[in-house]
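Engineer: So that we are looking at the same thing, I have put the structure below in structure tokens.
The values are calculated or read from the model by the stated rules, or taken from the named source; none is laboratory data. All values reported here derive from a predicted model rather than from experimental measurement. Cβ atoms come from the backbone with ideal geometry, glycine included; neighbour counts cover every protein chain shown. SASA here: full protein model, heavy atoms, side chains in, ligands and nucleic acids out. Shrake-Rupley method; radii C 1.70, N 1.55, O 1.52, S 1.80 Å.
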Amino acid sequence: MEHGALDLPDDPRLAGNIAHFAAALRRAGLPAGPDRLILATRAVAAAGFTDRADFYHALEAVFVRRPEHRATFAQMFRLYWRDPRFLEHMMALLTPTMRGVQEARAPRPAEKRAAEALLDQAPPVEQGETSEAPVLEIDATATASGRERLRTLDFEQMSTAEMATAKRMLATLRLPMPPIPSRRNAPAGTGRVDRRATLRAALRSGELYELRRATPRIRWPNLVALCDISGSMSSYSRVLLHFLHAVSNRQGEGWAQVHAFTFGTRLTNVTRHLATRDVDAALAAAGAEAQDWEGGTRIGEALHAFNRDWSRRVTGAGAVVLLVTDGLDRGDPDLLARAAERLHLSARRVIWLNPLLRFEGFAPRATGIRALLPHVDTLRAGHSIAALEGLADALSRPDDPGAMQRMRRHGKSGISDR
């Protein structure tokens, strides 16, 4: 090839595979539009594609725009270009019950995401050629009924395969929040008369010839999640963090910002990890930073630390707080009650997700539960997909009590109607 214009690769099959690879990267969340595809094809033509390392780095230089994209790109490249039986490997990743036949290791961060993106479309096959890999036929019979069963199944009772399906369902679950009217006004063509703006315009021009109109601005609150990661709550909090990751990375969801904190024996802010696009890498980083997974729990001390260090930063604009805990605390109940009261006063709403509500005979007998109940607005279960779907109803109805009436009927909670 002459040293000048960059020609496209002569092999049309290679160019087609690069196009399919770019489409898979785009489905996995990387910026791989038509402009990137053209640059990638020209980069491969310039660098050559006989050396595997040169081929990898040529594509990486084009498609990787941010540091968090590297893990996904590396897994996508390995599965698509390096493994001749990548389709079977990806099916094993997406079907954990079959992994014992093919490989026993746990998937690396971004590997499941890469597998799902690549399986969405098989690689192109030239006319006249036949693929050596067997045709995969998936029987979708009873899929709807299976998903319906998963909606009400307890997260702790799910198998590995069921949990993987549940997480994919949660990734599509929406949690919209109605906007909040602001005290500030925005100029408008119709609406009430803005007397202040009208007078200012009259002072500038020296005469009153136009009435200025205004309408109230709207804004969205923050969503703050406080997740108990003690031994009895770790599995539920992991699922909720997976759900919060999807909410925080979805544009136009109706939240200004999403903040996440974990607590067991100490409070840990894992908000910055939710900004990582890849969910496996995000949760792995959050788990590495929170060193008290599946340990003890000190709810009162954790809420006190949150009120002292973070409350003014993240709840000052009327945030909605999700408190995810079973309320089983052996600490000082007076400290817990004071911390919960201050949290309630600083937040717009406090919604308590308690997986113990899945038991029909649950009653607020524990001292920690009794200390928390007077300072929450809504009490709901958080043990299943259906329970998390109920969050949307709770957010759309500001007066939704959830299971608060059920707790009052027991007559032992000490809650007074407000």
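Engineer: State the number of residues belonging to segment 193-226 that are under 28 Å from residue 316 (Cβ atoms), open to solvent by 90 Å² or more (accessible area, probe 1.4 Å) and free of Cβ contacts under 8 Å to residues at least 24 places away in the same chain.
Structural biologist: The number of residues fulfilling the criteria is 1.
Engineer: Kindly indicate the residue of segment 52-67 that is of a type in the set (D, E, K, R) and not in a helix (DSSP H, G or I) and also nearest to residue 21 (Cα to Cα) among those meeting that condition. Give the derivation first.
Structural biologist: First, pick out the residues of segment 52-67 that are of a type in the set (D, E, K, R): 52, 54, 60, 65-66.
Pick out the ones that are also not in a helix (DSSP H, G or I) and you get 65-66.
Details: 65: 16, 66: 18 Å.
Filtering segment 52-67 for residues that are of a type in the set (D, E, K, R) and not in a helix (DSSP H, G or I), the one nearest to residue 21 (Cα to Cα) comes out as 65.
Engineer: What is the number of the single condition among (1) over 18 Å from the mean Cα position of the chain (by Cα); (2) modelled with pLDDT of 85 or more; (3) open to solvent by 50 Å² or more (accessible area, probe 1.4 Å) that residue 291 does not meet?
Structural biologist: (2)
Engineer: Continuing with this model, one more query. Residues being touching a helix residue (DSSP H, G or I) at 6+ places or on another chain (Cβ under 6 Å) and farther than 15 Å from residue 379 by Cα: count how many of those fall in segment 312-327.
Structural biologist: Count: 1.
Engineer: Identify all residues within segment 227-241 that are open to solvent by 20 Å² or more (accessible area, probe 1.4 Å) and assigned to a helix (DSSP H, G or I); write none if there are none.
Structural biologist: Residues satisfying the conditions are 235, 238.
Engineer: When segment 359-386 is examined, which residues are found to be farther than 30 Å from residue 148 by Cβ and part of a helix (DSSP H, G or I)?
Structural biologist: Residues satisfying the conditions are 367, 368, 369, 370, 371, 372, 373, 374, 375.
Engineer: Among the residues of segment 376-393, write down those that are open to solvent by 20 Å² or more (accessible area, probe 1.4 Å) and free of Cβ contacts under 8 Å to residues at least 24 places away in the same chain.
Structural biologist: The one that is open to solvent by 20 Å² or more (accessible area, probe 1.4 Å) and free of Cβ contacts under 8 Å to residues at least 24 places away in the same chain: 393.
Engineer: For segment 319-332, check the following and say yes or no: at least one residue is among the basic types (Lys, Arg) and under 20 Å from the mean Cα position of the chain (by Cα).
Structural biologist: As a first pass, look at segment 319-332 and keep what is among the basic types (Lys, Arg): 330.
The next check asks that each one be under 20 Å from the mean Cα position of the chain (by Cα); those that pass are none.
No, the conditions are met nowhere in segment 319-332.
Engineer: Then there's this: Given (1) without any contact (Cβ under 8 Å) to a residue 60 or more places away in the chain; (2) open to solvent by 60 Å² or more (accessible area, probe 1.4 Å), where does residue 176 come up short, assuming only one miss?
Structural biologist: Against the list (1) without any contact (Cβ under 8 Å) to a residue 60 or more places away in the chain; (2) open to solvent by 60 Å² or more (accessible area, probe 1.4 Å), residue 176 comes up short only on (1).
Engineer: Among the basic types (Lys, Arg) and touching a helix residue (DSSP H, G or I) at 6+ places or on another chain (Cβ under 9 Å), is that true of residue 219? Working first, answer last.
Structural biologist: Details: among the basic types (Lys, Arg): yes; touching a helix residue (DSSP H, G or I) at 6+ places or on another chain (Cβ under 9 Å): no.
Spelling it out, it is not the case that residue 219 is among the basic types (Lys, Arg) and touching a helix residue (DSSP H, G or I) at 6+ places or on another chain (Cβ under 9 Å).
Engineer: So, one more: Could you tell me which residue of segment 1-30 is modelled with the lowest pLDDT, considering only residues that are closer than 22 Å to residue 79 by Cβ and open to solvent by 50 Å² or more (accessible area, probe 1.4 Å)? Lay out the reasoning, then the answer.
Structural biologist: If we filter segment 1-30 for residues that are closer than 22 Å to residue 79 by Cβ, which is where we start, we get 9, 11, 13-30.
Keeping just the survivors that are open to solvent by 50 Å² or more (accessible area, probe 1.4 Å) gives 11, 13, 26-27.
On the way: 11: 57, 13: 70, 26: 81, 27: 77.
Checked segment 1-30; the qualifying residue modelled with the lowest pLDDT is 11.
Engineer: Go through segment 350-366 and give me each residue that's at pLDDT 90 or above and either open to solvent by 30 Å² or more (accessible area, probe 1.4 Å) or touching a strand residue (DSSP E or B) at 6+ places or on another chain (Cβ under 6 Å) (or both).
Structural biologist: If the condition is that a residue be at pLDDT 90 or above and either open to solvent by 30 Å² or more (accessible area, probe 1.4 Å) or touching a strand residue (DSSP E or B) at 6+ places or on another chain (Cβ under 6 Å) (or both), then 350, 351, 352, 353 are the ones that fit.
Engineer: Oh, and also: Could you go through segment 306-318 and let me know if any residue there is out of contact with any strand residue (DSSP E or B) (no Cβ under 6 Å at 6 or more places or on another chain) and at pLDDT below 80.
Structural biologist: Within segment 306-318, one or more residues are out of contact with any strand residue (DSSP E or B) (no Cβ under 6 Å at 6 or more places or on another chain) and at pLDDT below 80.
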